[in-house]
Structure formats: C-alpha cells, structure tokens
Amino acid sequence: MQSVGCAVRTEPDAIWSAEQAAAASADFAELHAAHGGVLWVAFDPQLARCGLFFCRDSVVCELTPPGFSVRSRVYEYGGGACCATEQGVAFVNERDQQVYHLSITPPSVGAASAANLADSRAIAAEAECRPAAPMNNEPQALTARFNCRYGDLSFVPAWQALLAVEESHEGGAAVHRLVRIGLNGKREVLVEGADFYAAPVADPTGQRVAWIEWDRPHQPWIATRLCQRESGERTRVLVGQGSDQALQQPRFDARGRLWVLSDKAGWWQPWCVDGGTTLYAEPYDHAPAPWQLGGRTYLPLEHDELLLTRFEEGIGRLVGCAVRTNTAVGIHGAHSLGGPATPYPKTERLLAEGFTRFRSLAADNEHFYCIAAAPDRLPAVLAIRRSDGALQMLAGGEQPLSEAQLSRPQPFSCGVGEGERSHGFFYSPASTGERPPLVIFLHGGPTSACYPVFDPRIAFWTLRGFAVLDLNYRGSSGYGRAYRLRLADQWGELEIEDIRAAIDALAGDGRIDAQRVYVRGGSAGGFSALRALVELPQLRGGASLYGVSDPLALRRLTHKFEADYLDWLIGDPQQDAERYRSRTPLLQADRIRAPVIFFQGALDAVVVPSQTEAMVEALRQRGLPVEYYLFAEERHGFRQAANLAEALRAEHAFYQRLS
C-alpha cells in the first residue's frame, strides 16, 4: 500500500472490505474427541447459526439437522452446548433450549481422506461435506421442559446419562440445579440450593460427582466452591469455604484423582485436590474468567502428564508437561518454581508454536486437539500428533492477508497508578506516513480480555491508516487474581486512567497523532467508552455498541448471573449514590464534547434500546453530531454478517468525517 492519504482511501476495500471482515467473524467452539474423530461447533455469521460438525478420516461433515442451531443460553452467555455420547452427540438447540440426541453413523472414507491436513484451504476444497448420518436419523428430544434452559453438558458412560446445568424460569425467577438426563429422557435433580452451578463431572466409575457452585453476590471469577458427592453421601465442600479463591474446571484423571484450577496463590493453576498438596507458585493464569460454561483449558492425561494452556503477559501458550513434585516444599504441580524468565524445564514441551490463544482442549491416543488462534490467520481446529508435535489443521486457519498487508500485535504496557502497569496490544497501520489516528478497543465484560490474534475488525482499521490499541485495562483476566479484582468499586474510573496513560505513552513515543484518538467498545466496553468521552476532552470521537449508559437502569433489569455485579464494580446504590451519579454517562452527557456513534439491537434484553436512545437524545439536545443505528433482529452482541458489515462501514465513515 502507498502512503496515508492516498491508498488508504481507495485500495482497502479491494483488499479487506467490511463484508469480508464480517464474514471472517466465523469461529469454533465446543470441541470433543470422540467416535474416532473430532466434533466441534462452528458459528456462521452469514446464517447467524451454530452448526455441529464431525471430522473423521479427513472427511468433514455437518451433522446439524435443518432448523437446528447449537447454542446454550444458560446464564445468558451459554457454553457447554454439546457433548459426545457412546452412540452419538447430545446438544442444546438454540431456539427452544432443549437437549437433543443425535446418533452418528461414521462417514465412509472417500478421496478426501488422502487430503493434506496441513493445508486447511485444501481441506476446504477437497473434503467431502455431507451429513454423517442418514437423512431419516432425526434428533431425539431428551427434554421437553420449555421453561428450562440447559448447558455444560457432560456424558457419564457408567450412567448412560448426561450431567447438565439446568436453568428453570419459575414465576419470574431463575432457579439453577444440576440434573441427570438419561438417554431415555428421564430427568433427575441431583443438586439444588446454591444460586449457581457449573462444570459438573463424574469419575470413571460414576460414583463420585464434582462441580463448582457459588452464591450471590459473588461472580465465578471472585469466589466459588468445589463440591463433591459420592454415592450414598451428602454433598461435601472440598475447597472454597471462604471467599478467598475462585475455582473452575474440575476434572477427574484416568486414576480417579480430582483436579481443579484455583487462584488462591494469585493465579489460576492446576491443582490435584486428592494429592493433599500445596499449590505451586508460578505466576501464570491457565484460564480466562469463566463468562461461559464448558471451558477446557487444561487436561489431566495418563502417566502423570498434563496438557494445558497458560497466559504469559496475555499471550497464550500450549504446553504438554509431566506433573512435577517439589519434595523440599511439598509442591505438586505442573511447573517448576522459576519466574517467567526461567527457561522451560525439560519436562515441558511447547506445542503449536506460532498460535497465541488456545481453547477447548481434547485428546485421544494419537492426537491432542484444540481450537487455536494466531496473529496471522483465522481461528482453526488443530490436531497435534502426540508423538512428535506435528501439526494438522482440520478446519479454518485461512490467512486472508499477506504479510505486507498484515499488522501484527505488539505487546503494550505502560505505568499507571502507584507502581502498577496496564497491558494490551498495539497494531501499527499497514501503511506508513504521518502519525496515524488511533482507535482504542475496549473489551466487554469488563472482566474479560483481548488476545494477540487476528481480529478482522482490527485489520479493517489498520488497512485504512488507523493504529489500534487493544487494551487489557486493569480488571482484565489473564494477568492474575489481583489484576482481575482491581476493578472492585473502581469501574468507570480505573480503566479511564489506563486509557489516558496509554494515549500519553503512545503519543510520547511518536506512534500516534494525539489529536485524532477515538474510543470504542461494546456492552461494558461501551460504558467505558462513554465514560472516557466524559472524562477525556482530548478524544476526537467514539462509538458505543449496545453500551451501558445508565448502570442503575441496567441493574434493575439485568439477569440473575450479573444481578450483583454492578454493586461490586461501582458500589451499593443507596450508600454510594453519588458515585453512581458521577459515573453514569447519561447523567454526565453535558460533559461530552466529542461526536458519538451508537449501535443497538432492537431485541437486546441486557442493554435495552431505550437506554441507548436516552443517551442519543441527551447528546442531540446539546447539538453534538450523533448517529444512531438500530438493528431490528439483533440482540446483545451482533451476529448477522450484513449488520456487522454495516456497523463497521458506518463507524469508519463517521471517524473519517471527524479526522
């Protein structure tokens, strides 16, 4: 591309259009090794639908029957929407939230089985895609409780039944339970009484069941309990009686030992509960905050080995390693005690190098499997040969841009507060020339994170001469418990300090034009963007995508999972009323000086349209340039490719008029 001011205005659409960026928002989830192959769920933005796929002997087949989409809405954010059974696969249908079972007839091995799996584009061209079961193999409904939703499915062979989290909407209230659902459709309540449940698993014998539970006002990344029930016994709390740790992802290994991720030592780390040992102290998170059910970021393997992913300064690594015991201090864990600069111990093996985020880990006798992302390609389903680490791409992984067109993430960190640092990833514009304008991306959550992977939206901006900062402000996950909990009572203030410091640091280094800085975010990120526009008059403009403009209005309407979250993020509405007033963008609209563009889904039940429209009207009454786009069929988080493209084009045009 040529210099800024010429090529960026005429060439980008031929390289990477808004439509291409929207189509590239396709993604994978829910990966399982089963039936001699691999199952996964793929989201298609063109259809706004999640399909179920099966790959065996290099033949990729879609299993989803017409009219079905695989997605759970438990806790609104879902997760754990499918699992393999001995006969096929169980899944949650998006429309009615009921559980169905589909038998799998293995596909015949055709010419596609000889395809080179190392080249995902060849697979897309050569792999035969057809139903893996006869057309008359209709899904069997296992539940018919239409006031209920289901998620976090797992299959227990000893029972020939599923474990699941059930969300029942009864008289305007949501009640959560753990249930057993037989393949014959029989349902049995196993555990109830806590406010929330997650990650139910059974040991190989089916005699022990473990799960995570927590009660209001906590969130699952603040304080949870690891519980267990054995046949004929009452529920026991194994870990987490206090509120000093958050536990997630219990797992039984092949020997029946129970593992869990605990952050009591400051980081989410694997711990063998049955070993009666102390957590090791190496500073890495091995999971993100569990906003969704069904996370699998580590696996206990045979022969005292682990497969796990971890975040090193926000960058994901996939590691195969032996369980290590430090007899001097009684530590039984997956790593040595060295800090981040310590060389990897000989018992560790880095896998799939070049990829920087890993999810949905699975394994069989010959391969490890995962969903992986990298800075230069779309998400991929990977098969990694256990014997030598050889890498195969089963789906995805396309590289849509050449190296010259691609802006790679550069780790970013700057000082904030008293001896603290904020983190993120900086993307230079693809073209060179004058100091570029900057778009700051603020993730939702807000206890979520951004990752150094190919983001089609970021590529859209950098190809048009914008620099991008993907900011993991204090409160983001992936940097330890203390960093994650830093937002307590500080939401709407702390991340604004981080934005201000980041602008100063990047401008001081000559990497951006400080007079042309824009801030954008969705949901909680939209709130932070509006708060930044209130507090930082140097901003040129911003965008709120279904963003929170009135926290108290959100608190009155929000769902059970987040019902107490604002009290933790900001404070008690009565005792801290002035704090709410000062941090409510709607009440501070008179302080916003920069133009704003808004995007909203008409069906959004989290941030309802009236909240966004009140903010739009408040700014218009002051005479500010404001644009508002309402999408009739979108909810909280846009899914339809046409709407994603329209929003991207409109936001770019809006900033162009302001530059």
The number of residues in the range 215-264 that are over 25 Å from residue 283 (Cα atoms), of a type in the set (Lys, Arg) and part of a loop (DSSP other than H, G, I, E, B) is 3
| query | Is it fair to say residue 448 is closer than 16 Å to residue 411 by Cα, modelled with pLDDT of 95 or more and part of a loop (DSSP other than H, G, I, E, B)? | reply | no
Residue 514 fails exactly one of (1) part of a loop (DSSP other than H, G, I, E, B); (2) closer than 23 Å to residue 613 by Cβ, namely (2)
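Restricting to the range 239-259, give me the number of residues that are open to solvent by less than 30 Å² (accessible area, probe 1.4 Å) and aromatic (Phe, Trp, Tyr). Don't jump to the end; show me each part of the working.
From the range 239-259, those open to solvent by less than 30 Å² (accessible area, probe 1.4 Å) are 239-240, 245-250, 253, 256, 258-259; that's our starting set.
Right, trim to aromatic (Phe, Trp, Tyr) and you get 259.
Count: 1.
Kindly indicate the residue of the range 580-602 that is open to solvent by 50 Å² or more (accessible area, probe 1.4 Å) and part of a helix (DSSP H, G or I) and also nearest to residue 491 (Cα to Cα) among those meeting that condition. So that I can check it myself, show each step before the final result.
The first filter runs over the range 580-602 and keeps only residues open to solvent by 50 Å² or more (accessible area, probe 1.4 Å), leaving 581, 587, 590-591, 593.
Then drop every residue that is not part of a helix (DSSP H, G or I), which leaves 581, 587, 590-591.
Values: 581: 13, 587: 16, 590: 20, 591: 19 Å.
Ranking the qualifying residues of the range 580-602, first place goes to 581.
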Selection over the range 426-457 where residues are of a type in the set (A, V, I, L, M, F, W, C) and either within 17 Å of the chain's Cα centre (by Cα) or on the phi > 0 side of the Ramachandran plot (or both) yields a count of 6
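Going through the range 378-411 one residue at a time, which ones are assigned to a strand (DSSP E or B) and closer than 17 Å to residue 309 by Cα? Quick ask: steps written out before the conclusion?
Filtering the range 378-411 down to residues assigned to a strand (DSSP E or B) leaves 378-385, 391-396, 410-411.
The answer is 379, 380, 381, 382, 383, 384, 385, 391.
Go through the range 75-105 and report how many residues are of a type in the set (Val, Ile, Thr), touching a strand residue (DSSP E or B) at 6+ places or on another chain (Cβ under 6 Å) and modelled with pLDDT under 95. Walk me through how you get there before you give the answer.
Step one: of the range 75-105, the residues of a type in the set (Val, Ile, Thr) are 85, 89, 92, 99, 104-105.
Okay, now just the ones that are also touching a strand residue (DSSP E or B) at 6+ places or on another chain (Cβ under 6 Å), so 85, 89, 92, 99, 104.
Then drop every residue that is not modelled with pLDDT under 95, which leaves 104.
The total comes to 1.
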Counting only residues in the range 471-496 that are in a helix (DSSP H, G or I), within 23 Å of residue 572 (Cβ to Cβ) and of a type in the set (D, E, K, R), the one most open to solvent (accessible area, probe 1.4 Å) is identified as 486
Within the range 619-639, residues under 30 Å from residue 563 (Cα atoms), surrounded by fewer than 20 Cβ atoms within 10 Å (Cβ to Cβ) and modelled with pLDDT of 95 or more come out as 628, 629, 630, 632
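Per-residue answers, yes or no, for (1) polar (S, T, N, Q); (2) modelled with pLDDT of 95 or more; (3) exposed (fewer than 14 other Cβ atoms within 10 Å of the Cβ); (4) part of a loop (DSSP other than H, G, I, E, B):
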{"residue": "121", "(1), (2), (3), (4)": "no, no, yes, no"}
{"residue": "133", "(1), (2), (3), (4)": "no, no, no, yes"}
{"residue": "152", "(1), (2), (3), (4)": "no, yes, no, no"}
{"residue": "158", "(1), (2), (3), (4)": "no, yes, yes, yes"}
{"residue": "163", "(1), (2), (3), (4)": "no, yes, no, no"}
{"residue": "179", "(1), (2), (3), (4)": "no, yes, no, no"}
{"residue": "190", "(1), (2), (3), (4)": "no, yes, no, no"}
{"residue": "194", "(1), (2), (3), (4)": "no, yes, no, yes"}
{"residue": "213", "(1), (2), (3), (4)": "no, yes, no, no"}
With the first residue restricted to the range 549-572 and required to be closer than 17 Å to residue 486 by Cα, and the second required to be aliphatic (A, V, I, L, M), Cβ contacts under 7 Å at 6 or more apart or on different chains are 566/554; 568/488; 569/487
On the basis of being open to solvent by 20 Å² or more (accessible area, probe 1.4 Å), hydroxyl-bearing (Ser, Thr, Tyr) and touching a Lys or Arg at 6+ places or on another chain (Cβ under 6 Å), does residue 413 make the cut? yes
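Quick check on residue 267: is it open to solvent by 30 Å² or more (accessible area, probe 1.4 Å) and not in a loop (DSSP other than H, G, I, E, B)?
Working: open to solvent by 30 Å² or more (accessible area, probe 1.4 Å): yes; not in a loop (DSSP other than H, G, I, E, B): no.
So residue 267 fails the test.
What residue, of 553, 577, is modelled with pLDDT of 95 or more and surrounded by fewer than 23 Cβ atoms within 10 Å (Cβ to Cβ)?
Values: 553 fails: modelled with pLDDT of 95 or more.
Of 553, 577, the one residue that is modelled with pLDDT of 95 or more and surrounded by fewer than 23 Cβ atoms within 10 Å (Cβ to Cβ) is 577.
Any residue at all in the range 557-570 that's within 21 Å of residue 476 (Cα to Cα), more than 24 Å from the chain's Cα centre (by Cα) and modelled with pLDDT of 95 or more? First the steps, then the outcome.
Filtering the range 557-570 for residues within 21 Å of residue 476 (Cα to Cα) gives 561-570.
This time we only want the ones that are more than 24 Å from the chain's Cα centre (by Cα), so: none.
The answer is no; no qualifying residue exists.
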Across (1) over 19 Å from the mean Cα position of the chain (by Cα); (2) in contact (Cβ under 8 Å) with a residue 60 or more places away in the chain; (3) under 29 Å from residue 289 (Cα atoms), residue 76 clears everything bar (1)
Taking the range 324-339 and the residues there that are touching a strand residue (DSSP E or B) at 6+ places or on another chain (Cβ under 6 Å) and either part of a loop (DSSP other than H, G, I, E, B) or at pLDDT below 50 (or both), the one that is nearest to residue 153 (Cα to Cα) would be 334
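Considering each residue of the range 215-238, count those that are open to solvent by 20 Å² or more (accessible area, probe 1.4 Å) and in contact with a strand residue (DSSP E or B) (Cβ under 6 Å, 6 or more places away or on another chain), and give that number.
Of the residues in the range 215-238, the ones open to solvent by 20 Å² or more (accessible area, probe 1.4 Å) are 215-218, 225, 229-238.
Keeping just the survivors that are in contact with a strand residue (DSSP E or B) (Cβ under 6 Å, 6 or more places away or on another chain) gives 225, 229-230, 235-238.
The number of residues fulfilling the criteria is 7.
Is it the case, given these coordinates, that residue 390 is touching a Phe, Trp or Tyr at 6+ places or on another chain (Cβ under 6 Å) and farther than 26 Å from residue 459 by Cα?
Considered against the rule, which asks whether it is touching a Phe, Trp or Tyr at 6+ places or on another chain (Cβ under 6 Å) and farther than 26 Å from residue 459 by Cα, residue 390 comes out as no.
Tell me which residues, restricted to the range 603-618, are open to solvent by less than 10 Å² (accessible area, probe 1.4 Å) and either free of Cβ contacts under 8 Å to residues at least 24 places away in the same chain or in contact with a helix residue (DSSP H, G or I) (Cβ under 6 Å, 6 or more places away or on another chain) (or both). First the steps, then the outcome.
Our first condition is that a residue be open to solvent by less than 10 Å² (accessible area, probe 1.4 Å); within the range 603-618, this holds for 604, 607, 612, 615-616.
Result: 615, 616.
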In the range 262-295, anything of a type in the set (Val, Ile, Thr) and at pLDDT 90 or above is listed as 273
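Against the definition (open to solvent by less than 20 Å² (accessible area, probe 1.4 Å), within 30 Å of residue 509 (Cα to Cα), at pLDDT 95 or above and touching a strand residue (DSSP E or B) at 6+ places or on another chain (Cβ under 6 Å)), how does residue 422 come out, yes or no?
Working: open to solvent by less than 20 Å² (accessible area, probe 1.4 Å): yes; within 30 Å of residue 509 (Cα to Cα): yes; at pLDDT 95 or above: yes; touching a strand residue (DSSP E or B) at 6+ places or on another chain (Cβ under 6 Å): yes.
In short, yes.
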Filtering the range 529-550 for residues that are over 22 Å from the mean Cα position of the chain (by Cα) and open to solvent by 20 Å² or more (accessible area, probe 1.4 Å) leaves a count of 5
Just one listed residue, out of 381, 319, is within 17 Å of residue 286 (Cα to Cα), buried (at least 20 other Cβ atoms within 10 Å of the Cβ) and at pLDDT 75 or above, and it is 319
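The values are calculated or read from the model by the stated rules, or taken from the named source; none is laboratory data. Keep in mind that what you see is a predicted model, and the values were worked out from it rather than measured. Glycine gets a Cβ as well: all are built from the backbone with ideal geometry, and neighbour counts include every protein chain shown. The accessibility values were calculated without ligands, DNA or RNA, using every heavy atom of the protein model including side chains. Shrake-Rupley method; radii C 1.70, N 1.55, O 1.52, S 1.80 Å.
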